[in-house]
1. Among the residues of region 64-82, write down those that are touching a residue at least 60 places away in the same chain (Cβ under 8 Å), surrounded by 13 or more Cβ atoms within 10 Å (Cβ to Cβ) and of a type in the set (D, E, K, R).
2. What are the residues in region 89-145 that are in contact (Cβ under 8 Å) with a residue 12 or more places away in the chain and small (Gly, Ala, Ser), if any?
3. Before we move on, is residue 31 under 24 Å from residue 116 (Cα atoms) and modelled with pLDDT under 95?
4. Looking only at region 83-100, decide whether some residue is surrounded by fewer than 16 Cβ atoms within 10 Å (Cβ to Cβ) and closer than 19 Å to residue 129 by Cβ.
5. State which residue is surrounded by the fewest Cβ atoms within 10 Å (Cβ to Cβ) when the search covers only region 107-145 and only residues that are of a type outside the set (A, V, I, L, M) and under 27 Å from residue 45 (Cβ atoms).
6. Within region 110-135, restricting attention to residues that are part of a strand (DSSP E or B), within 12 Å of residue 70 (Cα to Cα) and not basic (Lys, Arg), which residue is farthest from the chain's Cα centre (by Cα)?
7. Of (1) under 30 Å from residue 14 (Cα atoms); (2) part of a loop (DSSP other than H, G, I, E, B); (3) in contact with a helix residue (DSSP H, G or I) (Cβ under 8 Å, 6 or more places away or on another chain); (4) small (Gly, Ala, Ser), residue 140 satisfies all except one. Which?
Amino acid sequence: MANSRLNQLPAAERLQGLNVLRNSGNCRDWNGIHYKAGLSGTNVGAKRLSMNVATIPPGGIAYAHIHVDFEVMLYILQGTVRHEYGEGLAKVVENRAGDFIFIEPGVPHEVFNASDTEEVVAVVARSDADEWQHIVPYPSIHRPA
């Protein structure tokens, strides 16, 4: 899941044990999601945590995938999102702005923006300092050929 834009992550200000990244822009488009540059092992030397902001465009889908051996927590800032999850993506839950979501390692899930007019914006925290590795595709009827 390499991306040449990863090398363009802005450096954080290093302030004697406190690191700051100010007003970052988009650094990556992956799997139907736009990501703002955040903090990770790449730019602050984190060992077990990464965090950024993800945006799913109106009508967009983050195609089915699994997080291998790391946890994810999301806070929905804007919009309404539907997760289809579990074996065969047979379970469904909908969340909207103000909701928190915790995704356990190994749970297959596909994420849908439930609106055709409004973006979904979420803060995403991972228990993995490498925010782009350890994610594997999961079969889905929605994934383009």
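1. Taking region 64-82 and keeping what is touching a residue at least 60 places away in the same chain (Cβ under 8 Å), we get 64-70.
Now narrow it down to the ones that are surrounded by 13 or more Cβ atoms within 10 Å (Cβ to Cβ): 64-67, 70.
The answer is none; no residue qualifies.
2. 97, 98, 106, 114, 115, 122, 125, 127, 129, 140
3. Numbers: under 24 Å from residue 116 (Cα atoms): yes; modelled with pLDDT under 95: yes.
When the stated conditions are applied, residue 31 passes them.
4. Restricting attention to region 83-100, the residues satisfying the condition of being surrounded by fewer than 16 Cβ atoms within 10 Å (Cβ to Cβ) are 86-88, 90-94, 96-100.
Right, trim to closer than 19 Å to residue 129 by Cβ and you get none.
No, region 83-100 contains no residue that is surrounded by fewer than 16 Cβ atoms within 10 Å (Cβ to Cβ) and closer than 19 Å to residue 129 by Cβ.
5. Our first condition is that a residue be of a type outside the set (A, V, I, L, M); within region 107-145, this holds for 108-110, 112-113, 115-119, 126-128, 130-134, 137-140, 142-144.
Now drop any that are not under 27 Å from residue 45 (Cβ atoms), which leaves 126-128, 130-134.
Numbers: 126: 25, 127: 14, 128: 23, 130: 14, 131: 28, 132: 17, 133: 11, 134: 15.
The extreme case among them is 133.
6. Taking region 110-135 and keeping what is part of a strand (DSSP E or B), we get 110-113, 120-126, 135.
Imposing the further condition that a residue be within 12 Å of residue 70 (Cα to Cα) reduces the set to 125-126, 135.
Filter once more, keeping what is not basic (Lys, Arg): 125, 135.
Details: 125: 8, 135: 11 Å.
That would be 135.
7. So residue 140 meets the others, but not (1).
The values are calculated or read from the model by the stated rules, or taken from the named source; none is laboratory data. Everything numeric here is computed off the predicted structure, so don't read it as measured data. Reconstructed Cβ throughout: ideal geometry from the backbone, glycine too, with neighbour counts over all protein chains shown.
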